[in-house]
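S.K.: Next up is a structure, given as structure tokens.
Here, each number is a calculation from the coordinates, and none is a lab measurement. This structure is a prediction, so every number in the text was calculated from the model and none was measured. Cβ placement follows ideal geometry from the backbone for every residue including glycine, while neighbour counts extend to all protein chains displayed.
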Amino acid sequence: MSVSMGMDYASIDSSGYWDVLTSYFPQQLFPAVEESWLKLISELFCFFSTPPGQDLASQVKDDDGVFVLSMDFQQFQKICGIEEFYLMLEDKPKIALLCMSAAIHKVLLTKWEKKNVENGVKVKIHLHNYPEIMIALKNLKAAYIGES
């Protein structure tokens with residue numbers, strides 16, 4: 001199921017995520033936001049509102065106007081049990097990371113100055129220590145080398 005990102009955002013979603021959703025899921029690229037994405041953002045928001053999640057969120061760095069969270073994936077797995085995130089990361093990695101970015105953004109809104117939010121600031125997630133990605137990249141590289 002998906003939700004149109006057309007006219008009246010507030011009437012569709014009462015959890016208050018629309019203020020950040022439009023930054024991460026622009027209508028030109030994502031004409032509809034799936035319910036599963038909203039659920040994942042909500043679950044991640046709840047996690048990043050807990051003390052372990054807040055510790056992670058506090059590591060977001062301002063790199064000349066670009067907010068970046070560099071995260072050790074294996075350490076994250078130990079403290080976050082949201083299975084849907086890991087499933088989506090395998091199936092739709094871009095969507096999973098955008099959901100995480102939106103959730104962290106929402107948690108950090110109270111710490112950011114209003115002008116930063118208005119200027120379209122986004123949180124970018126950099127995962128490291130994620131062996132499945134490395135295996136996929138090695139397989140992709142091997143496939144291209146084999147075709148030459």
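S.K.: LEU87 versus ASP64, label points 7 Å from Cα toward the beta carbon: distance in nm?
M.R.: For LEU87 paired with ASP64, the spin-label model returns 4.1 nm.
S.K.: Now, a different point. Which links in LYS39/LYS124; LYS61/LYS106; LYS39/LYS61; LYS78/LYS124 stretch past 18 Å when you go from one Cα to the other?
M.R.: Exceeds cut-off: LYS39/LYS124; LYS39/LYS61; LYS78/LYS124.
S.K.: Continuing with this model, one more query. Return, for the Cα atoms of segment 30-78, the radius of gyration and Dmax in Å, separated by a comma.
M.R.: Taking only Cα atoms of segment 30-78, I get Rg and Dmax of 13.1, 35 Å.
S.K.: Once amide H atoms are built 1.01 Å from N in the peptide plane, which residues 5 or more positions from GLU34, or in another chain, come under 5 Å H to H?
M.R.: Amide H neighbours of GLU34, under 5 Å, 5+ apart: VAL3.
S.K.: Related question: Amide H neighbours of LEU127 under 5 Å, at least 5 residues apart or on other chains, H built in the peptide plane: list them.
M.R.: Sorted by chain and number, the residues that satisfy this are MET71.
S.K.: Most exposed first by the Cβ proxy, i.e. fewest other Cβ within 10 Å, how do GLU90, GLU43, GLU34 rank?
M.R.: The most exposed by this proxy come first: GLU90, GLU34, GLU43.
S.K.: Now for a separate question. If you count, for each residue, the other Cβ atoms within 10 Å and average over each peptide, how do 72-82, 47-57 line up from highest to lowest?
M.R.: 47-57, 72-82
S.K.: Along segment 58-70, what does the Karplus equation 6.51 cos²θ - 1.76 cosθ + 1.60 (θ = phi - 60°) give for ³J(HN,Hα), rounded to whole Hz, x for Gly and Pro?
M.R.: Those phi angles translate into 5, 8, 5, 10, 8, 10, 6, x, 10, 8, 10, 10, 8 Hz.
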